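Notes to accompany the following structure.
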Amino acid sequence: MKKILITTDSFLPRYDGVAKFLSEIIPRLSKYYKITIIAPNYGRYNIKNAKIYKFPLYKVKVGGYRPAKINLKLIKKLVEDNDLVFNNTIGPIGSASIFYASKIKKPILSYVHSIEWILFNESISLPNFFRKYTKFTTKKLAGILYNRCNTLMVPSIEVANLLKRNGIKTNKVVIKYGIGKEFKIGNTKKKFKLDDHVVIGYCGRLSREKNLETLLKAFNKLKYKKKFLLIVGDGPYRNIFFGKNVKVTGFIKNVVPYLQCMDIFVLPSLTETVGLSALEAMKTGRAVVSTRVGYMGKYIKNGYNGYLFPKRNVNFLVKLLTKLVKDKKLRDKIGRNASNAVTNLTWDKTFRNLKKIIESYINIK
């Protein structure tokens, strides 16, 4: 059985798009390959049929993250011992793994889950002078790392073109994220005792780049008495949400019932390569209002299966929310169309496409 080393600077139980992707892909990969994982130690989490090496964390946080203290000797040994490196981030773990694997000419596949120089700049608060410097250096480092890989897997052709425009020449293949089968149309408002309210919600990481202040300001401006704001997730920005008819759940393992409780899902992000939480909300039949980030510009058709609004535009968002709050039939129609629009996105399809790329580098006997 061929051996694959999976490297990542984000892993469960800390939850984000990268961790979700890996939680779906690794169990499928482990049926065909011997899997070893290098990840930060964010707590107890094990995957059947996979060996995990967890590195301790620094106390300092960068953009809400605590980076891992890497063990270069162990990384080198694991890179040497495996047939292929499948990288998922370019933090300390991903960077060190790519550098050493390229040095010994080990095949490197890397999935580009985010545009690092954009994400990093939006996730930290810095003066403009430092922001320009960090963007330049992050972009330069990303270019060096990605150009050392054999193939980059990207979630969309738009991401592939963006990388190309920024001097990243490595071969790129589009492999889309999937949506789990558990995301189904349903209504749990009665269970949460919110059946007499219009529930506006968000699900995901509560961090600076998600631009949650825009959602909060729009909710507070909304002139409707029976409104409720449901925020599902955790992160450094959770404390901005407080007041009457506002609830922050913290980390939730199974978010499906919470999505099914929402009438309207809002994704106010400044940057996404996918926007997985919004896609999952669409699959559950929610009326989604989103900025034009990630997949949203492709999958949302304004007024048919959702709505798009300009980044940081509170008043525009208020108008859209007011329209949806007042019209239940419109919300239901938008939700049904949204669910139908994303039925082609499955994790099985994601895995099959990924496996084809892997097999082009290591033959299975």
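Among the numbered criteria (1) under 22 Å from the mean Cα position of the chain (by Cα); (2) surrounded by fewer than 20 Cβ atoms within 10 Å (Cβ to Cβ), which one does L109 miss?
(2)
How about the stretch 334-348: which of its residues are in a helix (DSSP H, G or I), surrounded by 15 or more Cβ atoms within 10 Å (Cβ to Cβ) and not β-branched (V, I, T)? Give the steps one after another, and end with the answer.
Narrowing the stretch 334-348 to residues in a helix (DSSP H, G or I): 334-341, 347-348.
Add one more test, that the residue is surrounded by 15 or more Cβ atoms within 10 Å (Cβ to Cβ), and what stays is 334-335, 337-339, 341, 347.
G335, N337, A338, S339, A341, W347, listed by residue number.
Whether any residue in the stretch 275-298 is over 27 Å from K333 (Cβ atoms) and not polar (S, T, N, Q) is what I want to check. Steps first, answer last, please.
Step one: of the stretch 275-298, the residues over 27 Å from K333 (Cβ atoms) are none.
No, that holds for no residue.
In the stretch 162-183, how many residues are surrounded by fewer than 13 Cβ atoms within 10 Å (Cβ to Cβ) and closer than 24 Å to A287 by Cα?
2
I179 fails exactly one of the following numbered conditions: (1) in contact with a Leu (Cβ under 7 Å, 6 or more places away or on another chain); (2) free of Cβ contacts under 8 Å to residues at least 40 places away in the same chain. What is the number of that condition?
So I179 meets the others, but not (2).
The conditions are (1) touching a residue at least 40 places away in the same chain (Cβ under 8 Å); (2) of a type in the set (D, E, K, R); (3) in a helix (DSSP H, G or I), and K164 fails exactly one of them. Which is it?
All conditions pass for K164, except number (1).
Does F130 meet the test of being modelled with pLDDT of 95 or more and out of contact with any strand residue (DSSP E or B) (no Cβ under 6 Å at 6 or more places or on another chain)? Steps first, please.
Numbers: modelled with pLDDT of 95 or more: no; out of contact with any strand residue (DSSP E or B) (no Cβ under 6 Å at 6 or more places or on another chain): yes.
When the stated conditions are applied, F130 does not pass them.
Could you please find all residues in the stretch 294-310 being surrounded by fewer than 21 Cβ atoms within 10 Å (Cβ to Cβ) and in contact with a helix residue (DSSP H, G or I) (Cβ under 9 Å, 6 or more places away or on another chain)?
Taking the stretch 294-310 and keeping what is surrounded by fewer than 21 Cβ atoms within 10 Å (Cβ to Cβ), we get 297-299, 301-304, 308, 310.
Those that are surrounded by fewer than 21 Cβ atoms within 10 Å (Cβ to Cβ) and in contact with a helix residue (DSSP H, G or I) (Cβ under 9 Å, 6 or more places away or on another chain): G297, K298, Y299, K301, G303, Y304, L308, P310.
With of a type in the set (K, R) and modelled with pLDDT under 95 as the only criterion, which of K223, K189 stands out?
Details: K189 fails: modelled with pLDDT under 95.
Exactly one residue qualifies, and that residue is K223.
Do we find a residue being in contact with a Gly (Cβ under 7 Å, 6 or more places away or on another chain) and either in the same structural domain as T151 (by TED's automatic domain parsing) or surrounded by 14 or more Cβ atoms within 10 Å (Cβ to Cβ) (or both) anywhere in the stretch 311-333?
Taking the stretch 311-333 first, the residues in contact with a Gly (Cβ under 7 Å, 6 or more places away or on another chain) are none.
No, there is no match, as no residue in the stretch 311-333 is in contact with a Gly (Cβ under 7 Å, 6 or more places away or on another chain) and either in the same structural domain as T151 (by TED's automatic domain parsing) or surrounded by 14 or more Cβ atoms within 10 Å (Cβ to Cβ) (or both).
Quick check on my filter: what residues within the stretch 223-237 are surrounded by fewer than 17 Cβ atoms within 10 Å (Cβ to Cβ) and of a type outside the set (F, W, Y)?
Of the residues in the stretch 223-237, the ones surrounded by fewer than 17 Cβ atoms within 10 Å (Cβ to Cβ) are 223-226, 236.
The answer is K223, K225, K226, P236.
For the stretch 271-316, which residues satisfy the criterion of being hydrophobic (A, V, I, L, M, F, W, C), touching a residue at least 60 places away in the same chain (Cβ under 8 Å) and closer than 19 Å to Y15 by Cα?
Quick first cut of the stretch 271-316, residues hydrophobic (A, V, I, L, M, F, W, C) only: 274, 276, 278-279, 281-282, 287-289, 293, 296, 300, 308-309, 314, 316.
Keeping just the survivors that are touching a residue at least 60 places away in the same chain (Cβ under 8 Å) gives 274, 276, 279, 281-282, 314.
Matches in the stretch 271-316: V274, L276, L279, A281.
Hey, can you tell me all the residues within the stretch 235-258 that are touching a strand residue (DSSP E or B) at 6+ places or on another chain (Cβ under 6 Å) and part of a helix (DSSP H, G or I)? Before the answer, list the steps.
We begin by selecting, within the stretch 235-258, every residue touching a strand residue (DSSP E or B) at 6+ places or on another chain (Cβ under 6 Å); these are 238, 241, 245-249, 252, 255, 258.
Within the stretch 235-258, R238, Y258 meet the criteria.
Filter the stretch 200-234 down to the residues that are touching a residue at least 12 places away in the same chain (Cβ under 8 Å), more than 20 Å from A281 (Cα to Cα) and not in a helix (DSSP H, G or I), then identify the one that is nearest to the chain's Cα centre (by Cα).
By that ranking, first place goes to L222.
Regarding F351, is this residue assigned by TED's automatic domain parsing to the domain that holds L84, at pLDDT 95 or above and not in a loop (DSSP other than H, G, I, E, B)? Let's see the steps before the verdict.
Values: assigned by TED's automatic domain parsing to the domain that holds L84: yes; at pLDDT 95 or above: yes; not in a loop (DSSP other than H, G, I, E, B): yes.
It is true that F351 is assigned by TED's automatic domain parsing to the domain that holds L84, at pLDDT 95 or above and not in a loop (DSSP other than H, G, I, E, B).
For L194, are the conditions met, namely being within 23 Å of F316 (Cα to Cα) and either part of a loop (DSSP other than H, G, I, E, B) or modelled with pLDDT of 95 or more (or both)? Reasoning before the result, please.
Values: within 23 Å of F316 (Cα to Cα): no; either part of a loop (DSSP other than H, G, I, E, B) or modelled with pLDDT of 95 or more (or both): yes.
It is false that L194 is within 23 Å of F316 (Cα to Cα) and either part of a loop (DSSP other than H, G, I, E, B) or modelled with pLDDT of 95 or more (or both).
Given the structure, is S97 crowded, with 16+ Cβ neighbours inside 10 Å, modelled with pLDDT of 95 or more and in a strand (DSSP E or B)? Before the answer, list the steps.
Numbers: crowded, with 16+ Cβ neighbours inside 10 Å: yes; modelled with pLDDT of 95 or more: yes; in a strand (DSSP E or B): no.
No.
Under the condition of being part of a helix (DSSP H, G or I) and in contact with an Asp or Glu (Cβ under 9 Å, 6 or more places away or on another chain), which residue from the stretch 54-93 is farthest from T134 (Cα to Cα)?
Taking the stretch 54-93 as the starting set, the residues that turn out to be part of a helix (DSSP H, G or I) are 72-81, 92-93.
After this cut, where a residue has to be in contact with an Asp or Glu (Cβ under 9 Å, 6 or more places away or on another chain) as well, the list is 92-93.
Values: P92: 16, I93: 19 Å.
Restricting to residues being part of a helix (DSSP H, G or I) and in contact with an Asp or Glu (Cβ under 9 Å, 6 or more places away or on another chain), the top hit is I93.
Which condition from (1) under 18 Å from I115 (Cβ atoms); (2) modelled with pLDDT under 95; (3) touching a helix residue (DSSP H, G or I) at 6+ places or on another chain (Cβ under 6 Å) is the one that K172 breaks?
Unmet condition: (2).
The values are calculated or read from the model by the stated rules, or taken from the named source; none is laboratory data. Everything numeric in this text was worked out from a predicted model, so none of it was measured. When we count neighbours, we look across all protein chains shown, and the Cβ atoms used for this are built from the backbone with ideal geometry, even at glycine.
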